[in-house]
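Heads up: the structure comes next, in structure tokens.
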Amino acid sequence: MKRRLALASVAALSFTASLRPWGSGYLAVVAFAAAVAAVRGERRPARAAALMAVAWLGLAVPALEGTFLSVWWSLPALVALNSVAWAVAGAAHAFAANRGGGSTLWLLPLLVVAAEFVASRRWLWGDAAFSLLAYTQADTPLRYLASLTGSSGPALGVALAGGALVALVTGPRWTAGALLVSIATLSLAAYVVPAGTDAGSVRVAVVQSAQGQVARLLMPFDEGLMARVVAPYVALTAEAAAAGAELVVWGETVLPEGSAAVEGPWVNALRAAPAVVAGRVERAVDGLYNSVFAWRGDGLELVSRKQALVPVVEAVYAAGEPSEPFSVQGARLAALVCLDSLHGELSRESVRRGADLLVYLTDDTFAGRTATPLVHLRTAILRAAETGRAVVFANESGPSAIVSPTGKVLALSRAREAGVVITDVPLMRGSTPYVAFGDWLGTLALSAVLAVLALTARRPPCDVS
Amino acid sequence: MVNIRTVTRFYGLVAVVSLLTVLGFSAVGIVTSRREARTEAEAFGFDGRRYVLDAAPPGSVLPVAVGSWRSLAEAASSFPAHRRVEGLHEVETPSLLVIRDGDSFRGVVALHVDRTFTKALDPVAGLVLYRNRALAELFTGVTVPWPAGETR
């Protein structure tokens with residue numbers, strides 16, 4: 001058991017490294033290979049579940065560690081709750097393997113994809129989506145698989161690659177070959193399937209002031225402080241406009257709380273650019289919303305409202321509904337907020353409604369110098385690859401980024417530093433297979449593993465003593 | 001021959017070191033962030049309960065001394081117009097709030113109450129923003145209507 005635990009722990013370490021700023025998504029392949037080696041031959045479901053939960057810790061901790069700074073108990077609670085998906089995958093693997101349910105190298109990747117597919121359903125368990133295996137691949141070519149089938153594509157790719165690595169070392173070699181051929185086939189399909197058509201471009205800038213939480217929290221109560229907070233927005237927005245930005249994007253809840261009108265020094269900051277999209281706490285007649293507004297020179301217009309609210313912390317808000325794309329500066333943009341980026345179905349719905357640009361507004365100041373903001377950015381990169389739409393990721397504390405429709409980062413800011421990122425952003429029309437058909441691979445994987453489990457359940461178990 | 005106990009210990013060591021490294025990376029980020037957040041809050045005079053917007057000299061923030069009392073009954077008897085409320089959400093501003101201060105009681109003038117903060121004139125600290133959760137622990141429920149002109 002100690003050998004298996006050591007392998008699961010190495011998997012956790014490699015997963016963690018794949019999500020750190022200095023790491024690489026390729027390490028996730030090594031990590032999954034270690035996880036496969038850990039559970040291969042393990043016939044006790046409880047032990048296999050524990051081993052997979054340990055391996056999954058490496059994905060969960062960087063993604064969720066920032067929550068500790070906001071509500072300390074949320075980190076252990078989320079880790080405990082969300083580890084269930086991988087634990088169930090491990091237990092199901094042991095159950096099936098103990099009844100001759102097939103090779104670990106094929107079965108475990110399918111089980112993990114199926115478990116993550118179920119766990120990331122919003123209606124069931126939305127927040128598990130924050131620590132998906134697919135997010136490790138935001139910086140590798142495996143992210144292209146997301147255009148075929150959403151987050152299940154890169155997840156299956158990295159899992160099969162991990163299985164192939166084990167097969168190359170321990171055999172059978174033909175299995176390694178078969179696994180690699182599967183990945184190559186999926187990658188080829190992602191490459192040849194048309195992702196959309198070019199619909200022009202718009203020059204977009206993201207402004208992040210990185211001023212910290214306290215000054216912005218106290219700002220509504222002190223005019224002097226408000227003037228101090230607004231000053232960088234005025235300067236940076238003017239700088240972006242001078243560099244040719246047609247559209248400037250600010251972060252989540254940057255504007256002071258209100259309904260429609262905006263007053264005082266904020267108007268000067270908004271007037272500094274031809275068009276500004278910014279977040280604001282919206283006081284509406286039917287409740288409080290975490291919303292996105294647009295400024296086109298003559299007042300604020302509501303663009304959209306946050307749909308995926310943070311449990312507990314955002315209990316004060318009402319959830320928004322999907323909205324039609326907002327036309328500004330020639331772009332039809334869909335504006336989403338913070339945790340909305342975790343849910344592929346929200347960006348998919350926006351694109352189905354005609355959006356040619358996705359804009360995510362967030363404020364990860366609460367997460368400080370943890371890896372959480374970077375993992376958050378990775379989720380937005382995957383949304384770009386899935387939908388074939390450029391993504392503007394405006395994070396008040398940074399890192400902010402502008403991402404191409406294939407998920408390539410075109411411009412990136414440093415975290416916790418004030419600044420502007422600016423570039424020409426391609427606008428795309430048309431549908432990727434994911435936009436057209438959703439996460440069909442996740443459904444297929446779930447059906448396959450349920451079939452395997454149903455078939456093997458009839459067989460007698462081997463002796464596990 | 002490799003001793004089986006040595007191998008087992010090696011695996012145990014790998015597991016422990018790997019998991020500690022996973023948690024260690026996380027701990028570094030959390031500790032650094034905590035330190036920075038504390039420094040940022042302290043720059044605004046945060047003491048765990050309230051931020052200071054304007055640290056006016058003691059006694060200068062209110063034209064009328066609000067007093068300090070040894071018991072709640074004594075505080076209430078000083079203000080015949082006082083009333084009792086269930087919590088901060090029932091406070092009408094501006095109002096004098098009687099709060100606990102160690103073994104005694106004293107007053108602060110609440111200027112504005114929102115979901116998170118209560119902006120108040122505190123004769124001890126100046127113009128402050130109490131976190132509602134912290135102020136609720138101190139607040140006795142006794143309020144006194146305060147004339148709008150009687151604030152600085």
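The values are calculated or read from the model by the stated rules, or taken from the named source; none is laboratory data. All values derive from a computational prediction rather than experimental measurement. Virtual Cβ from ideal backbone geometry, glycine too; neighbours counted across all protein chains shown.
Within the range A:158-180, residues that are in contact (Cβ under 8 Å) with a residue 24 or more places away in the chain have Cβ atoms under 7 Å from residues that are buried (at least 23 other Cβ atoms within 10 Å of the Cβ) and among the aromatic types (F, W, Y) in these pairs: A:V158/A:F32; A:A159/A:F32; A:G162/A:F32, counting only partners at least 6 apart in sequence or on another chain. Could you say whether any residue in the range B:130-140 is under 26 Å from A:V313 (Cα atoms), within 14 Å of chain A (Cβ to nearest Cβ) and not in a helix (DSSP H, G or I)? Yes, that holds for at least one residue. Looking across A:G251, A:G244, A:G279, A:G224, one residue alone is at pLDDT 95 or above and over 23 Å from A:L302 (Cα atoms). It is A:G244.
Strands (runs of 3 or more DSSP E) fully within the range A:328-406 that include at least 1 residues being over 22 Å from A:L145 (Cα atoms) and either of a type outside the set (S, T, N, Q) or more than 13 Å from the chain's Cα centre (by Cα) (or both): A:331-337, A:357-362, A:390-395.
Within the set A:G251, A:G244, A:G258, the sole residue that is within 14 Å of chain B (Cβ to nearest Cβ) and either touching a Lys or Arg at 6+ places or on another chain (Cβ under 7 Å) or under 25 Å from A:H376 (Cβ atoms) (or both) turns out to be A:G258. The criterion of at least 3 residues that are touching a strand residue (DSSP E or B) at 6+ places or on another chain (Cβ under 7 Å) is met, among helices (runs of 4 or more DSSP H) falling completely within the range A:173-284, by A:223-242. On the stretch given as the range A:236-254, residues that are without any contact (Cβ under 8 Å) to a residue 40 or more places away in the chain, of a type in the set (A, V, I, L, M) and in contact with a helix residue (DSSP H, G or I) (Cβ under 9 Å, 6 or more places away or on another chain) total 1. Just one of the numbered conditions (1) without any contact (Cβ under 8 Å) to a residue 40 or more places away in the chain; (2) among the hydroxyl-bearing types (S, T, Y); (3) more than 14 Å from chain A (Cβ to nearest Cβ); (4) surrounded by 18 or more Cβ atoms within 10 Å (Cβ to Cβ) is not true of B:S95: (1). The condition of being part of a strand (DSSP E or B) and crowded, with 17+ Cβ neighbours inside 10 Å holds for only one of B:L19, B:L111, that being B:L111. If you filter the range A:14-28 down to residues that are surrounded by fewer than 24 Cβ atoms within 10 Å (Cβ to Cβ) and part of a helix (DSSP H, G or I), you find that the one that is nearest to the other protein chains (Cβ to nearest Cβ) is A:A17. On the stretch given as the range B:30-55, residues that are touching a residue at least 60 places away in the same chain (Cβ under 8 Å), within 15 Å of the chain's Cα centre (by Cα) and surrounded by fewer than 14 Cβ atoms within 10 Å (Cβ to Cβ) total 1.
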